[in-house]
Amino acid sequence: MQKEFPVFSVLNSALNTISAALLIQRWYRQHVARLEMRRRCTWNIFQSIEYAGEQDQIKLYNYFGFLMDHFTPASSERNLISHIFRKNEICLDTEWERYFCYKSIEVTKSYTGPHLMFPVTFCGVSKLVEAFKHKEQLHARYVLQLLGETWRLLRTFPNISHVIACHTKAITICGDLHGHLEDLLLIFYKNGLPSSDKPYVFNGDFVDRGKNSLEILLTLFGFLLVYPNDVHLNRGNHEDHIVNLRYGFTKEVLGKYRVHGKKILKLLQMIFSWLPLATVIDNKVLIVHGGISDTTDLDKIARVDRQKYASALRPPKMKSDSYLESKTTETDLDEWKQVMDVLWSDPMPQNGCIPNEVRGRGCYWGPDVTEEVLRRNNLQLLIRSHECKQDGYEFCHNRRVITIFSASNYYEVGSNRGAFIRMGPDLVPHIIQYQASTTCRELTLRQSVGWTERSALQALREQLFVHRSDLISAFQEFDPNNKGMISVTHWASTTERVLNLGLPWRVLRPQLVSSTQHGMMDYQRWIKELSITEPKLEISDNSILDTMYKNHSNLETIFRIIDTDHSGLISFKEFHQTWELLRSHLKTEISAKAIADLAQSIDFNKDGSIDINEFLEAFRLVDISAHN
Amino acid sequence: MAESKQSAEATVSDVQKKIRAAFEAFDYESNNTVDVREIGTIIYSLGCFPSQADLHDLIAEVEEDQTGYIHLDSFLPVMSKVLLEHKFPPIPEDLLLQAFEVLDKEKKGYLEHEELTKYMTQEGELFTQEEVDEMLTALADHEKNVVYYKDLINQLTIDPDM
């Protein structure tokens, strides 16, 4: 047909090309937009679950605070936890030196890991990084020695590091790393190792969640010792020994260093409290981990005795574990607020400054507060971290605030990129993004969205599973005749009421509920289909089972607090006390007999003590449907 | 008669619920507004295939002055009409295939990087370099570095329903 009228067919072709291109463009843009929608929903799921976890933790610690305030010293519950609130025993430096002495620790010939010579050199630390890249572990002797030197150095630093931008070199600013060694290595690969020609600022949250928190710390401290004027570390809210109990760092250290872990943790506790709180470049750019509030005052922050604030979860009122009146002064509370605000706050789009109820510490601050605080302190830009961003960074408040986040794939492989900032003497921020993991680079957008989405949905199914009894009771309110069916609308609103995650359940419905008929669903069957786990033990008491799944993190936290010698083992008595604490916190009814039975059944090696890790593993949610 | 009215009403309310749900995903301040730059994504995600020109017209209808924000109250009625009237229906698979075949002048069965880039960035409602790079990363066969469009159409036009 086209050959008969050659001239006409050329015109036809030209038209066809344009409309063909138009069609393809329209189709592809739609496809990308749908992926973006799914990615956003997945993101919301992860964030909601993360925030719900944080809320949970704050509730637990507020409960501990309540115990400390209201119970007599003799109370057994209070005694279980009071040691975490005890102020750092005042010791002479010589006593600490003796306690942390590494000299008696021998490095035997069988040790195949890296050796570290002191004083550390650039060469030594680079070799250490190479060793970490090859998954080697540093000997406890060198760890303690390195940490000891770091502690000594940090004590000489002021609360706020001042940096002058040099006309020959750019400064690099990194955000949260959270134990993601591969991201730190990727940054070093793209940007170069720290040196006097390549200054760096690391903006807190080096530890927790990822599995190489310790390697990251040792690397950063190593470079800090070699280039104390060119490597700047800011404290983050996770540089806090109580937060570490819950989010994995304590567990990591104890797992890697069975004999010396406790000492290492103690030394780190002190190091964390000595980390500077802020970095200022050229008196113009303020870098802090969390952010600011309307009362943020850099002069006050400069004067604070920062090492007093070992943990965010221990306000100055807990200065002594004495039941007597606290000697808190207004200055103490004011100081504490200055520190908390800087470590825990988040920006919000609206004007004003309100308490940060999601995190339980710090504030939400608005663009007007940014303007005011910057103006008052003669600054032009605020760089902070603390919040995961899909692209690794985000501008807000009229581009006066940048959030920089350096842990890529934070929620799951493919969930987000990481980024860092390079800034020259002109103080203009340049953002560089990346995403770790070779598998990730090869995935198409569609595949990585799918992968992350599956993982988010799995996390969501777990949440639904642990709340199943509450869900069923709530559904039954809409099913008075007990038909086992409710409308999709009621399902959505009820699920939100029970889980309180602020998620668009209607949008998620097709991915969570396999079938509906005429807008109705069989909720009993749906709950059964959620069946996530096969408990490894015979526990007939469902309410204990549910409580354990729901409070997995709380249990872990309490166990680790009770396990004062960090042995990883607790006695039956301590196990019972843990449940007492949890029971009174949650106000649930669990009989003493049920707990005793539980203790018997999880004494896996029948030696009268319970291994914390084994116990927690036995009750980790395992998706049996994953095998289908 | 009563039944079809009921089902018509049910459809309207269903459509509105879908629109609200999609809108919510981008309503960061929980005040029923979204950034105008996200509206395209929302409209596409509701199963519509407007062109860029169509999008511009739609946005003009619903945007509040020059605030850069769109309120649910303006968006809902306009979008409901769009959905109920099936205003921007999906592109049928065979038409899409034809489109690729037109671009594949030599009838090779695939398109090379340069070919696709040229068409996408020079014809129609132009792609940016970034858009076309993303498209190539997503669609191109990794070994041969070309786009086997026939396979793609099968894989990618099936979308889960909202």
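Which one of the conditions (1) surrounded by 14 or more Cβ atoms within 10 Å (Cβ to Cβ); (2) over 23 Å from A:ARG506 (Cα atoms) does B:LEU72 fail to meet, given that it meets all the rest?
Going through the list (1) surrounded by 14 or more Cβ atoms within 10 Å (Cβ to Cβ); (2) over 23 Å from A:ARG506 (Cα atoms), B:LEU72 breaks only (2).
Output the qualifying pairs, or none if there are none: Cβ atoms under 8 angstrom, residues six or more apart or on different chains, first residue in segment A:15-43 and more than 7 Å from chain B (Cβ to nearest Cβ), second residue of a type in the set (Val, Ile, Thr) and part of a helix (DSSP H, G or I).
From segment A:15-43, the pairs are A:LEU35/A:VAL449; A:ARG38/A:VAL449; A:ARG39/A:VAL449; A:ARG39/A:THR452; A:THR42/A:VAL449; A:THR42/A:THR452.
Can A:ILE242 be described as within 24 Å of the chain's Cα centre (by Cα) and closer than 28 Å to A:ASP282 by Cβ?
Working: within 24 Å of the chain's Cα centre (by Cα): yes; closer than 28 Å to A:ASP282 by Cβ: no.
Against the criterion (within 24 Å of the chain's Cα centre (by Cα) and closer than 28 Å to A:ASP282 by Cβ), A:ILE242 does not qualify.
Please identify the pairs in which a residue from segment B:116-136 that is facing chain A (nearest Cβ under 8 Å) and hydroxyl-bearing (Ser, Thr, Tyr) has its Cβ atom under 6 Å from the Cβ atom of a residue that is surrounded by 15 or more Cβ atoms within 10 Å (Cβ to Cβ) and in a helix (DSSP H, G or I), counting only partners at least 6 apart or on another chain.
B:TYR119/A:ALA21; B:TYR119/B:LEU103
Among the helices (runs of 4 or more DSSP H) confined wholly to segment A:228-311, which include 2 or more residues that are among the β-branched types (Val, Ile, Thr)? Break it down into steps so the answer makes sense when it comes.
Values: elements: A:241-247, A:249-256, A:261-274, A:298-303.
Fully inside segment A:228-311 and qualifying: A:241-247, A:249-256, A:261-274.
Any residue that is in contact with a Leu (Cβ under 6 Å, 6 or more places away or on another chain) and farther than 29 Å from A:PHE405 by Cα - is there at least one of those in segment A:146-165?
No - not one qualifying residue is present in segment A:146-165.
Cβ contacts < 6 Å: first residue more than 10 Å from chain A (Cβ to nearest Cβ), restricted to segment B:22-37; second residue part of a loop (DSSP other than H, G, I, E, B), any location; separation 6+ or different chain. Result?
B:VAL34/B:PHE26; B:VAL34/B:ASP27; B:VAL36/B:GLU63; B:VAL36/B:GLY68
Scan segment A:141-164 and report the pairs whose first residue is farther than 21 Å from A:VAL280 by Cα and whose second residue is assigned to a loop (DSSP other than H, G, I, E, B), with Cβ atoms within less than 6 Å and a gap of 6+ or a chain change.
Within 6 Å, the pairs are A:ARG141/A:TYR102; A:ARG141/A:ILE105; A:ARG141/A:VAL107; A:TYR142/A:LEU116; A:LEU144/A:PHE100; A:LEU144/A:TYR102; A:GLN145/A:TYR102; A:GLY148/A:PHE100.
So for segment B:82-96 (the condition being surrounded by fewer than 17 Cβ atoms within 10 Å (Cβ to Cβ), assigned to a loop (DSSP other than H, G, I, E, B), more than 20 Å from the chain's Cα centre (by Cα) and among the basic types (Lys, Arg)), does at least one residue qualify?
As a first pass, look at segment B:82-96 and keep what is surrounded by fewer than 17 Cβ atoms within 10 Å (Cβ to Cβ): B:84-87, B:89-90, B:92-95.
Within this subset, residues satisfying the condition of being assigned to a loop (DSSP other than H, G, I, E, B) are B:85-87, B:89-90, B:92.
Keeping just the survivors that are more than 20 Å from the chain's Cα centre (by Cα) gives none.
Checking segment B:82-96: not a single residue is surrounded by fewer than 17 Cβ atoms within 10 Å (Cβ to Cβ), assigned to a loop (DSSP other than H, G, I, E, B), more than 20 Å from the chain's Cα centre (by Cα) and among the basic types (Lys, Arg).
Residues checked against (1) outside any helix (DSSP H, G or I); (2) of a type in the set (A, V, I, L, M, F, W, C); (3) assigned by the TED database to the domain that holds A:SER345:
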site	(1), (2), (3)
A:HIS162	yes, no, yes
A:LYS169	yes, no, yes
A:LEU193	yes, yes, yes
A:ARG209	yes, no, yes
A:LEU224	no, yes, yes
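Residue check: is A:ALA407 within 21 Å of A:ARG235 (Cα to Cα), touching a residue at least 12 places away in the same chain (Cβ under 8 Å) and either out of contact with any Ser or Thr (no Cβ under 9 Å at 6 or more places or on another chain) or surrounded by fewer than 19 Cβ atoms within 10 Å (Cβ to Cβ) (or both)?
Yes, satisfied.
Which one of these does A:LYS211 not meet: (1) within 26 Å of the chain's Cα centre (by Cα); (2) modelled with pLDDT of 95 or more?
Unmet for A:LYS211, out of (1) within 26 Å of the chain's Cα centre (by Cα); (2) modelled with pLDDT of 95 or more: (2).
Suppose we keep only residues that are out of contact with any helix residue (DSSP H, G or I) (no Cβ under 6 Å at 6 or more places or on another chain) and modelled with pLDDT of 95 or more within segment A:234-245. Which one would you say is nearest to A:ASN62 (Cα to Cα)?
For segment A:234-245, the residue satisfying everything is A:HIS238.
Out of all the residues in segment B:83-114, which are within 14 Å of another protein chain (Cβ to nearest Cβ), out of contact with any strand residue (DSSP E or B) (no Cβ under 9 Å at 6 or more places or on another chain) and of a type in the set (A, V, I, L, M)?
B:ILE91, B:LEU95, B:LEU96, B:LEU97, B:ALA99, B:VAL102
Quickly run through segment B:27-61 and pick out the residues that are buried (at least 16 other Cβ atoms within 10 Å of the Cβ), of a type in the set (S, T, N, Q) and not in a helix (DSSP H, G or I).
Of everything in segment B:27-61, those that are buried (at least 16 other Cβ atoms within 10 Å of the Cβ), of a type in the set (S, T, N, Q) and not in a helix (DSSP H, G or I) turn out to be B:ASN32, B:THR33, B:SER51.
Is it true that A:ASP294 is assigned by the TED database to the domain that holds A:PRO367, surrounded by fewer than 19 Cβ atoms within 10 Å (Cβ to Cβ) and more than 30 Å from A:LEU555 (Cβ to Cβ)?
Details: assigned by the TED database to the domain that holds A:PRO367: yes; surrounded by fewer than 19 Cβ atoms within 10 Å (Cβ to Cβ): yes; more than 30 Å from A:LEU555 (Cβ to Cβ): yes.
Judged against the criteria, A:ASP294 is a match.
Enumerate the strands (runs of 3 or more DSSP E) found wholly within segment A:423-524, keeping only those where 1 or more residues are touching a Pro at 6+ places or on another chain (Cβ under 7 Å), loosely packed, with under 15 Cβ neighbours inside 10 Å and not assigned by the TED database to the domain that holds A:ILE287.
Numbers: elements: A:429-434, A:485-487, A:520-522.
Ranges flagged: none.
Rundown of residues vs (1) modelled with pLDDT of 70 or more; (2) hydroxyl-bearing (Ser, Thr, Tyr); (3) touching a Gly at 6+ places or on another chain (Cβ under 7 Å); (4) assigned to a helix (DSSP H, G or I), yes/no style:
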| site | (1), (2), (3), (4) |
| --- | --- |
| A:ILE49 | yes, no, no, yes |
| A:ASP56 | yes, no, no, yes |
| A:PHE64 | yes, no, no, yes |
| A:ALA74 | no, no, no, no |
| A:LYS87 | no, no, no, no |
| A:ILE90 | no, no, no, no |
| A:TRP96 | yes, no, no, yes |
| A:SER104 | yes, yes, no, no |
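Given the conditions (1) in contact with a Gly (Cβ under 8 Å, 6 or more places away or on another chain); (2) modelled with pLDDT of 80 or more, and given that A:HIS566 satisfies all but one, which numbered condition is not satisfied?
The one condition A:HIS566 does not meet is (2).
Could you go through segment B:140-150 and let me know if any residue there is more than 22 Å from A:SER19 (Cβ to Cβ), exposed (fewer than 12 other Cβ atoms within 10 Å of the Cβ) and either among the acidic types (Asp, Glu) or at pLDDT 90 or above (or both).
yes
Go through (1) part of a helix (DSSP H, G or I); (2) outside the structural domain of B:VAL132 (by the TED database) one by one and return the number of the condition B:GLU64 breaks.
So the condition that B:GLU64 fails would be (1).
Consider A:LYS211 carefully, then state whether it is surrounded by fewer than 24 Cβ atoms within 10 Å (Cβ to Cβ) and over 18 Å from A:GLY124 (Cα atoms). It would help to see each step written out before you state the result.
On the way: surrounded by fewer than 24 Cβ atoms within 10 Å (Cβ to Cβ): yes; over 18 Å from A:GLY124 (Cα atoms): yes.
So A:LYS211 fits the description; yes.
The values are calculated or read from the model by the stated rules, or taken from the named source; none is laboratory data. Note that this is a predicted model, so its numbers are computed, not measured. Reconstructed Cβ throughout: ideal geometry from the backbone, glycine too, with neighbour counts over all protein chains shown.
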